[in-house]
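Step one of this worksheet: look at the structure below.
Bear in mind these aren't lab numbers, they're just calculated from the coordinates by the rules spelled out. Every value quoted in this text rests on a predicted model; they were computed, and no experiment measured them. Cβ coordinates were reconstructed from backbone atoms using ideal geometry, including for glycine residues, and neighbour counts include every protein chain displayed.
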Amino acid sequence: MKLYQLFLRFFKPIQYAKKKGVKIGENCRIIESPKWGSEPWLIEIGNHVEISFQCVFITHDGATWVFRDNDKYKNVVRFGKIQVEDNCFIGARSIIMPGVTIGKGSIIGAGSLVTKSVPSGQVWGGVPAKYITTVEKFANKCLAENPDYDVNNYKKNFKEEVRKICNK
């Protein structure tokens, strides 16, 4: 990989993804550049999407290699678009498989293997990923468990305030 491509991949992951052919909307955040697979132009990311570190997007099924030596299957291929709709979060080290759509306002838990489409407004996680709850119920749980902290100090001294929160 050329030095400029390495720079883009690690320091400007959205630019890198677009250069590879991924369609990305506005106001997105990508932590470390995901593995976009061999057909990145089959991936569409909506607006206001966050993709955490070491995620993988797989747009084809390479397992067809096993039986393509057989004349009956020699021309068999499997590809699938991946679409992440607006306002989604994909947790660290998740894998998104071919043909999957992640519906608007959904959350994918860290380390998930997403093998089928996720409806809008749901939290999914696991291997394979399964329905956990609605985003609304999860948001209410987070609100109920929100620690008491100094918001101004959090903005000024993030590390210090987070340590205080974790030591309570």
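If R0 is 30 Å, what FRET efficiency do you get for Asp71 and Trp41 from their C-beta distance, rounded to 0.05? Taking R0 as 30 Å, the efficiency between Asp71 and Trp41 is 0.45. Axis angle, to the nearest 10 degrees, between helix 135-144 and the longest C-alpha principal axis of the chain: 30 degrees.
Projecting label points 7 angstrom from Cα along Cα→Cβ for Thr64 and Cys142 puts them 3.9 nm apart. Full extension of the chain between Asn167 and Glu32 yields a length gain of 45.7 nm, computed as 0.36 nm times the residue separation minus the alpha carbon distance.
Sorting the segments 69-77, 90-98, 39-47, 153-161 by their mean number of nearby beta carbons within 10 angstrom, highest to lowest, gives 90-98, 39-47, 153-161, 69-77. Amide H to amide H, with H built 1.01 Å from N, Ile30 comes under 5 Å of Ile51, counting only residues 5 or more places away or on other chains. With a Förster radius of 30 Å applied to the C-beta separation of Ile132 and Val56, the computed FRET efficiency comes to 0.90.
Largest first, the three principal axis extents of the alpha carbons in the chain are 67, 41, 27 Å in whole numbers.
Reported to the nearest whole Å, the Cα centre-to-centre distance from the range 116-168 to the range 33-98 is 27.
Give the Rg/Rh ratio for the range 73-147, taking Rg as the radius of gyration of the Cα atoms and Rh as the Kirkwood radius, to two decimals.
1.10
The label-point distance for Lys23 and Lys156, in a model that sets each label 7 Å from Cα toward Cβ, rounds to 4.7 nm.
Taking amide H as placed 1.01 Å from N in the peptide plane, the amide H of Ile45 sits under 5 Å from that of Lys23, Ile24, Gly25, Val84, each at least 5 places away or on another chain.
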